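Below: one structure, written as structure tokens.
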Amino acid sequence: MNILIQDADESLLPQIQQIEQQSFSVPWTETMLRMQLDKNSHIFLTARMDGETVGYGGLMYVLDEGYISNIAVAAPWRRCGIADTLLRELIARSRAIFLSFLTLEVRVGNAAAIALYEKHGFRTVGRRKDYYERPREDALLMTLRLDE
């Protein structure tokens, strides 16, 4: 499987929006996704196969702090290593711009995502009560130190 990771651009937003809607119970709007294209404070990547966008990942940063906003993969392509590839690239690019750490929230019930983040060295550092809606669920706050 040949996965091409590239920077997202305006032309890919409809495909990204479609993945967003099928992945999250409270999806971001296209306007919110468009804001991720700001290269001065965001890294916004797509995973493409045979010209089709099959996943995306976003990261916001300020100074030396990074926050992973979303990683999502189209339903037919889940469990194929695409999220792993996106996360590896987000981490590599974070190191390249000298971020000290990355943080994220993940649903406590999302065992697959938690396992992925732990595989890459993220550790649970907190819990946000009732953070998610539809269904209401706590979030684990996970962090990866890049400066150690």
Log10 I(q)/I(0) at q = 0.12, 0.15, 0.21 Å⁻¹ for the chain, from Debye over equal alpha-carbon scatterers, is -0.47, -0.75, -1.52
Rounded to one decimal in nm, the spacing of the 7 Å Cα→Cβ label points at Lys129 and Arg107 is 2.1
To the nearest 20 debye, the chain has a Cα-centred charge dipole, built from +1 on Lys and Arg Cβ and -1 on Asp and Glu Cβ, of 440
Here, GluC sites (Glu not before Pro) of the range 7-62 satisfying both criteria (DSSP loop; at most 11 other Cβ within 10 Å) are none
Where a ≥ b ≥ c are root eigenvalues of the Cα gyration tensor, a/c under 1.5 meaning rounded, otherwise prolate if a/b exceeds b/c and oblate otherwise, the range 1-46 counts as oblate
In terms of the charge dipole of the range 66-148, which places +1 on Lys and Arg and -1 on Asp and Glu at the beta carbon, the residue among Ala113, Leu144, Ala96 farthest towards the positive end is Ala113
With a 1.4 angstrom probe the carbon and sulfur portion of accessible area for the range 49-99, in percent, totals 56
Computed over the chain, protein heavy atoms only, probe 1.4 angstrom, the accessible area per residue in square angstrom equals 54
With +1 on the Cβ of every Lys and Arg and -1 on the Cβ of every Asp and Glu, the dipole magnitude of the range 1-42 about its Cα centre, in debye rounded to the nearest 20, is 80
The farthest towards the positive end of the charge dipole of the chain, of the residues Thr85, Tyr132, Pro14, given +1 on Cβ of Lys and Arg and -1 on Cβ of Asp and Glu, is Tyr132
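The values are calculated or read from the model by the stated rules, or taken from the named source; none is laboratory data. This one's a predicted model, so the numbers in the text were calculated from it and none came from an experiment. A quick note on method: Cβ atoms are made from the backbone with ideal geometry, for glycine too, and the neighbour counts reach across all protein chains shown. Protein only, heavy atoms only, side chains kept; ligands, DNA and RNA dropped before computing areas. Shrake-Rupley method; radii C 1.70, N 1.55, O 1.52, S 1.80 Å.
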